[in-house]
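Okay, so here's the structure we're looking at.
The values are calculated or read from the model by the stated rules, or taken from the named source; none is laboratory data. Given the structure is predicted, the values throughout are model-derived calculations rather than measurements. Neighbour counts run over all protein chains shown; Cβ positions are idealised from the backbone, glycine included.
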Amino acid sequence: MIVEGTVSGRSWRLRPADPARVARIAQHHGLPEILARVLAARGLDAPDVPAFLEPRLKNTLPDPSHLHDLDRVAARLADAVEAGERIGIVGDYDVDGATSTALAALWLEGFGIAPVIAIPDRLQEGYGASAAILDGLARAGCRLVLTLDNGTNAFAALVAAAARGQEVLVIDHHPADAELPPAFGIVNPNRPDQKSPLGNLAAVGVTFMVLAATARELRRRGARYTGPDLLSLLDLVALGTVCDVVPLDPINRAFVRQGLKVAARGERPGLAALAARAGLEAVRESWHLAYVLGPRLNAAGRLGEPMLATRLLLAREKEEAEALAARLEALNARRQEIERRLLVAAEAEIRPQLDADMPVLVAAGEAWHPGVLGIVASRLVERFERPAFVLSHAGGLARGSGRSMPGLHLGALVMEARRLGLVREGGGHAMAAGLTLETERIPAFAAFVRERAQAVAELRTPAPLDLDGALTVCGVTVELASALDRLAPFGPGNEAPRFCVTDARIIEVREVGQGHLACILAGSAGGRLRAVAFRARDGALAKALGRRGEPMRLAGRVKLEHYQGEQRVGFAIEDAALA
């Protein structure tokens, strides 16, 4: 099955699946054929299915001791716990950093230790451990400091800390240069001298591994612990993992799957209050973490209140949690308005680049709000399907964020630009990066990234949409959605199945929320189906969906929805082709 002439210009193709393998999976495990086909198309066979459908940490996690410095760090942290030392934590202002910090703090509190927490102000202090922050923790009596989701590249700060006798345990996942800073220990599955199956972990996952190893060491010593079991904190691990958009390999799938079970119980006051503010009855699915809770938690760091998200995650009383959730909701609304204004300015800035068909977009403006640059870069990638950097400059310096597409590793690209002297500071992941450079170097940096992007074939040809099957409107049922939901959690590395609805006619369309289009579909054999096209108001998809009554094919994802205690089915539209 191949569909051309789509609204997006991308062809649709059916994922290949060996019929014999589909039959084995369906028969051996008693699964519907359509579910068996989805599994087979992802390379699984009958023996692989149980572990995929029910990922468990005990079956996926390796011994953490293979990580360099892990045992040394666990022993030092265990010493501090036994001695009741004053421990400092330098976290980060994003969700991964906040969940890492909350995870470590809640676990330490189980031993009667209240750590001193420092979260740098994104707008005033920038990212990660600085000499000033570590010095402040030293003056607060913290000879031992954990850096969570940062520290791997904090050379100057860690040199100064070592000189004053401060011991720093770096727990991180960001790529590093060949040389590492002088820390007491650096636990990072992505350090250059490390080979590890844990390279896809978010920082909160690495933090979990360190705490698990420390707990093991303390049990060996006979230490008494009265705090929450680490497994009861997996909702934090799931939240940080999903919001950092790391690949959902078997280990991360297990973290998220088990963490969602904890989150669904609604026992963490902060998350329960934030979910209620957002209109969620319960936190059940990974998209609740990614698109509902995550943006609200991130709003605090983006708009100058970096401790707010961590405070919410640590809140014990309902009243405190509700007050903090209300503040986050207000900040998120303000963030959305700033984002809307900046997106208009950025689109005007890149219009000549689009006309010239540049492979990478670089938008730069004077005094653009630094807290929303990454979000605006993401919006440009979504809308124009090419990597994008958004920079704000003032006083001769520009700071900003980039977002990528498969094939172009932004973190490595920015680090190469740093080695070449094009940027002062920078780094990140495959799909996201941050950087600081002189304003006058923006054109040279833009030329550099575009030159590198020219060699990436995936960026020159729109990737096809892979389909898992074809359905009629009547075939999109709650039963089907429930069966497909067994494959969750969904995200990078385990994308939700995508289908073609072959007989759709739009009978109603209206705008909802921030530029989303809600539709009612009718099928050729009767039946009705609720559908939504997210952020589609201003694109070509909106014009297609406005052609009411015309037969068309729609590509998208079947969604199991929970509403007022009942389950119902919906369809998320991604593309359309007139029949």
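So the values come out like this:
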{"quantity": "Met405 aliphatic (A, V, I, L, M) and in contact (Cβ under 8 Å) with a residue 60 or more places away in the chain", "calculated": "no"}
{"quantity": "Close pairs from region 500-523: first farther than 17 Å from Val569 by Cβ and free of Cβ contacts under 8 Å to residues at least 12 places away in the same chain, partner of a type outside the set (Lys, Arg) and assigned to a strand (DSSP E or B), Cβ under 7 Å, at least 6 apart", "calculated": "Arg510/Ala518"}
{"quantity": "Test: Leu31 is outside any helix (DSSP H, G or I), under 30 Å from Leu230 (Cβ atoms), of a type outside the set (Gly, Ala, Ser) and within 31 Å of the chain's Cα centre (by Cα)", "calculated": "no"}
{"quantity": "Failed item, numbered, when Thr310 is tested on (1) touching a Ser or Thr at 6+ places or on another chain (Cβ under 6 Å); (2) not assigned by TED's automatic domain parsing to the domain that holds Val245", "calculated": "(2)"}
{"quantity": "Positions within region 301-320 being part of a helix (DSSP H, G or I) and either modelled with pLDDT of 95 or more or among the acidic types (Asp, Glu) (or both), in sequence order", "calculated": "Leu308, Ala309, Thr310, Arg311, Leu312, Leu313, Leu314, Lys318, Glu319, Glu320"}
{"quantity": "Selection from region 517-545 of residues that are at pLDDT 95 or above and aliphatic (A, V, I, L, M)", "calculated": "Leu517, Ala518, Ile520, Leu521, Ala522, Leu529, Ala531, Val532, Ala533"}
{"quantity": "Which listed residue is within 27 Å of the chain's Cα centre (by Cα), more than 30 Å from Arg316 (Cα to Cα) and in contact (Cβ under 8 Å) with a residue 40 or more places away in the chain, from Pro50, Pro62", "calculated": "Pro62"}
{"quantity": "Any hit, region 131-147, residues being under 27 Å from the mean Cα position of the chain (by Cα) and surrounded by fewer than 24 Cβ atoms within 10 Å (Cβ to Cβ)", "calculated": "yes"}
{"quantity": "Close pairs (7 angstrom Cβ cut-off, 6 or more residues apart or separate chains): more than 15 Å from Val360 (Cα to Cα) in region 409-432, hydroxyl-bearing (Ser, Thr, Tyr) and surrounded by fewer than 21 Cβ atoms within 10 Å (Cβ to Cβ) anywhere", "calculated": "Val423/Thr436; Arg424/Thr436; Glu425/Thr436; Gly426/Thr436"}
{"quantity": "Residue check, Ala20 farther than 30 Å from Leu169 by Cα, in a helix (DSSP H, G or I), more than 30 Å from the chain's Cα centre (by Cα) and not assigned by TED's automatic domain parsing to the domain that holds Phe111", "calculated": "yes"}
{"quantity": "Residue within region 534-552 that is in a strand (DSSP E or B) and in contact with a Ser or Thr (Cβ under 7 Å, 6 or more places away or on another chain) present", "calculated": "no"}
{"quantity": "Condition check for Val478: under 28 Å from Leu560 (Cα atoms), in contact (Cβ under 8 Å) with a residue 60 or more places away in the chain and either among the hydrophobic types (A, V, I, L, M, F, W, C) or touching a helix residue (DSSP H, G or I) at 6+ places or on another chain (Cβ under 8 Å) (or both)", "calculated": "yes"}
{"quantity": "Residues located in region 252-276, provided they are surrounded by 24 or more Cβ atoms within 10 Å (Cβ to Cβ), of a type in the set (D, E, K, R) and either touching a Cys at 6+ places or on another chain (Cβ under 8 Å) or farther than 21 Å from Phe490 by Cβ (or both)", "calculated": "Arg268"}
{"quantity": "Positions within region 148-173 being buried (at least 22 other Cβ atoms within 10 Å of the Cβ) and either modelled with pLDDT under 95 or closer than 16 Å to Ala202 by Cβ (or both), in sequence order", "calculated": "Leu148, Asp149, Asn150, Gly151, Thr152, Asn153, Ala154, Val170, Ile171, Asp172, His173"}
{"quantity": "Condition broken by Ile506, with the remaining ones in (1) within 29 Å of Asp249 (Cβ to Cβ); (2) of a type outside the set (D, E, K, R); (3) in contact with a helix residue (DSSP H, G or I) (Cβ under 8 Å, 6 or more places away or on another chain) satisfied", "calculated": "(1)"}
{"quantity": "Filtered residue count, region 125-180, keeping only those that are under 16 Å from Pro115 (Cα atoms), free of Cβ contacts under 8 Å to residues at least 40 places away in the same chain and either acidic (Asp, Glu) or not assigned by TED's automatic domain parsing to the domain that holds Ser196 (or both)", "calculated": "1"}
{"quantity": "Wholly enclosed strands (runs of 3 or more DSSP E) of region 368-448 bearing at least 1 residues under 17 Å from the mean Cα position of the chain (by Cα)", "calculated": "397-403, 425-428, 432-438"}
{"quantity": "Asp249 surrounded by fewer than 24 Cβ atoms within 10 Å (Cβ to Cβ), of a type outside the set (Val, Ile, Thr), within 16 Å of the chain's Cα centre (by Cα) and under 27 Å from Arg296 (Cα atoms)", "calculated": "yes"}
{"quantity": "Thr241 vs. criteria closer than 20 Å to Leu70 by Cα, surrounded by 18 or more Cβ atoms within 10 Å (Cβ to Cβ), of a type outside the set (A, V, I, L, M) and touching a Gly at 6+ places or on another chain (Cβ under 9 Å)", "calculated": "no"}
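Results for (1) more than 25 Å from Pro192 (Cα to Cα); (2) assigned by TED's automatic domain parsing to the domain that holds Asp485, shown as yes or no for each residue.
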| site | (1), (2) |
| --- | --- |
| Pro47 | yes, yes |
| Pro64 | no, no |
| Asp71 | no, no |
| Ala74 | no, no |
| Tyr93 | yes, no |
| Gly97 | no, no |
| Pro120 | yes, no |
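Condition check ((1) surrounded by 15 or more Cβ atoms within 10 Å (Cβ to Cβ); (2) modelled with pLDDT under 95) across all residues:
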site: Met415; (1), (2): yes, yes
site: Ala432; (1), (2): yes, yes
site: Phe445; (1), (2): yes, no
site: Gln454; (1), (2): no, yes
